[in-house]
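One structure is given here, and the rest of the page talks about it.
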Amino acid sequence: MVEFMAVLLIKLLVVFTVSMLIVAYATWIERKVLGHVQLRYGPMRVGWHGLLQPVADGIKSFFKEEVVPENADKSLFILAPIISITAALSLLVVIPFGDTVTIMGRTITLYLTDLDIGILFVLGLATIGSYGTILGGWSSGNKYGVFGGLRATAQMISYELSMAFAVISLVMVAGTLSLVEMVHYQADLWNIVRQPVAFIIFIVSGIAELNRTPFDMPEAESELACGYNIEYSSMKFSLFFMAEYAHMFVFGALVTTFFLGGWHGPFLPGVVWFFIKTFLVIFFCIWERSTFPRLRYDQVMKLEWKILLPAALLNVAVTGLVMIIMA
Amino acid sequence: MDEQRTLSGKYIVPLLKGLSYTLKNFFSKPVTIQYPTERRPVSKRWRGLHRLKVDDQGRLKCAACGLCAAICPSSAISLVPYEEEGGTRYPEEFVINEIRCIFCGYCQEACPKDAIELTEVYDYVDYCREDFKFDIAKLKNPEQFVFKGK
């Protein structure tokens, strides 16, 4: 029992540390990739090729003044970024990072827990993450913040529908809701070959969930004096920011687990393949951010309700039909 | 009109072309020049800070004729000649106000003794306007101002 708790604690610490490091350095990767795509270097001065830039950003936001506006609902104001980052980080418990390894005579599984309803857990917690957005907007006491928060939340809950239907077609094919079983199911053939339409729908919906370009109307409005994080300063703003990058890392991990075969791959150990695939997805997120123009809000809604959701439903229907015919 | 454009899917191929263009850019060398470690190449006729040239005996070539001061479009040069009886004439004071200067190069063209030239040095930065009035000491060696730090 003690041994079990000790192993679990160590795994928890490792997962938490690694993901916080990845979140911090995802900002560095983003700035460098965006820079090189725009034919310039990214940060170059702070440390070798800017590697200490996240540290500098952390120190800066630590020393900034915390401002709570007078009209703000103080408890909700403080609670909103906490909800965001908690929901983002809690998704890490079900992700299988690699194959089972044997260290010092003990077999250690490289996931924190194997829930039988893993996929349902993931979808549910992702929805709770949008509470942070709406509460952040509402508690700012600023009517532009409320408006921005409402728009962001409407976008996020709409895209969760198509994301759920894309995952449902996967569940139909694999026959299991558990993520570890899903990775084992892809041992011979990746799900992207079995469900290419679901892959495209999942990627587009995921990018919309993350509020990234081309769907970053809620965030861009902050640049235009509108948006749910307009009244937030230093640490709470950094928490929102880190929640977004943590969501991006989790999104990469989920795409890898659902469609790209998890940790399967030749020669290299499973963990390495997992991280390679996750970073490819993160690179794609940054790549498409630097390429695509921003969609207007009504175009965003139209894309979801008129194109993605019918496509996802059709995909589920066709998958079911094919399964019946082939059985 | 918007409906037809969104639903026909005509924007998918341009989106993919955009992605390939940005990927090509990602693998190209950036065009940024990392000043001050790298500097951009300047032409041989680059008009930078002035230099008062000396001859092989270390005396200023300048004869304090005042042609440069006369032709300067922004009156940046002020000059006080000194002539001893039967001797050479040289400038006792020669001040170029580099803030007033427009770096046109007319003084270089006007000088009959080829005593003043515009160098490739452009690095001078300072805190107060008085220090921009270059006297003969600063004008003899403008290369001292080239920034060698990081």
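The values are calculated or read from the model by the stated rules, or taken from the named source; none is laboratory data. This is a predicted model, so every value here is computed, not measured. Heads up, the Cβs are rebuilt from the backbone with ideal geometry, glycines too, and the neighbour counts pull from every protein chain shown.
Structural remarks
- Only residues that are exposed (fewer than 10 other Cβ atoms within 10 Å of the Cβ), modelled with pLDDT of 90 or more and of a type in the set (Ser, Thr, Tyr) were counted across region B:28-57, and they come to 1.
- A:Met182 surrounded by 19 or more Cβ atoms within 10 Å (Cβ to Cβ) and either in a loop (DSSP other than H, G, I, E, B) or not small (Gly, Ala, Ser) (or both): yes
- When A:Phe16 is tested against the conditions (1) at pLDDT 90 or above; (2) within 14 Å of another protein chain (Cβ to nearest Cβ); (3) surrounded by fewer than 19 Cβ atoms within 10 Å (Cβ to Cβ), the lone failure is (2).
- Residues being β-branched (Val, Ile, Thr) and closer than 17 Å to A:Met326 by Cβ - total across region A:185-206: 1
- Flag if A:Val55 is modelled with pLDDT under 90, farther than 24 Å from A:Glu288 by Cα and more than 18 Å from the chain's Cα centre (by Cα): no
- One residue alone among A:Met172, A:Met163 is in contact with a Gly (Cβ under 7 Å, 6 or more places away or on another chain), part of a helix (DSSP H, G or I) and either modelled with pLDDT under 90 or closer than 25 Å to A:Phe97 by Cβ (or both), and that residue is A:Met163.
- Residue in region A:191-202 that is under 20 Å from the mean Cα position of the chain (by Cα) and either closer than 19 Å to A:Gly145 by Cβ or aromatic (Phe, Trp, Tyr) (or both) present: yes
- Candidates are the residues of region A:292-327 that are among the β-branched types (Val, Ile, Thr) and touching a residue at least 60 places away in the same chain (Cβ under 8 Å); the one that is surrounded by the most Cβ atoms within 10 Å (Cβ to Cβ) is A:Val300.
- The single condition from (1) without any contact (Cβ under 8 Å) to a residue 24 or more places away in the chain; (2) surrounded by fewer than 12 Cβ atoms within 10 Å (Cβ to Cβ) that B:Asn25 fails is (2).
- Qualifying residue in region B:60-71 (condition: surrounded by fewer than 14 Cβ atoms within 10 Å (Cβ to Cβ) and either under 24 Å from B:Val121 (Cβ atoms) or of a type in the set (D, E, K, R) (or both)): no
- Residues satisfying the stated conditions in region A:203-221, i.e. among the polar types (S, T, N, Q), within 12 Å of the chain's Cα centre (by Cα) and not in a helix (DSSP H, G or I): A:Asn211
- With respect to the conditions (1) over 30 Å from A:Gly50 (Cβ atoms); (2) loosely packed, with under 14 Cβ neighbours inside 10 Å; (3) modelled with pLDDT under 90, B:Thr6 falls short on a single one, namely (2).
- Here A:Asp99 does not qualify as buried (at least 16 other Cβ atoms within 10 Å of the Cβ), in contact with a helix residue (DSSP H, G or I) (Cβ under 9 Å, 6 or more places away or on another chain) and either polar (S, T, N, Q) or farther than 30 Å from A:Met172 by Cβ (or both).
- When we screen A:Lys64, A:Lys60, A:Lys74 for residues that are surrounded by fewer than 16 Cβ atoms within 10 Å (Cβ to Cβ) and at pLDDT below 85, the only hit is A:Lys74.
- Meeting the requirement of 3 or more residues that are away from chain B (no Cβ under 14 Å), the helices (runs of 4 or more DSSP H) wholly within region A:241-327 are A:270-291, A:309-326.
- Hits in region B:120-150 (condition: of a type in the set (S, T, N, Q) and in a loop (DSSP other than H, G, I, E, B)): B:Asn141
- Qualifying residues in region B:46-67 (those that are of a type outside the set (Gly, Ala, Ser) and free of Cβ contacts under 8 Å to residues at least 40 places away in the same chain) - the one nearest to B:Lys113 (Cα to Cα): B:Asp55
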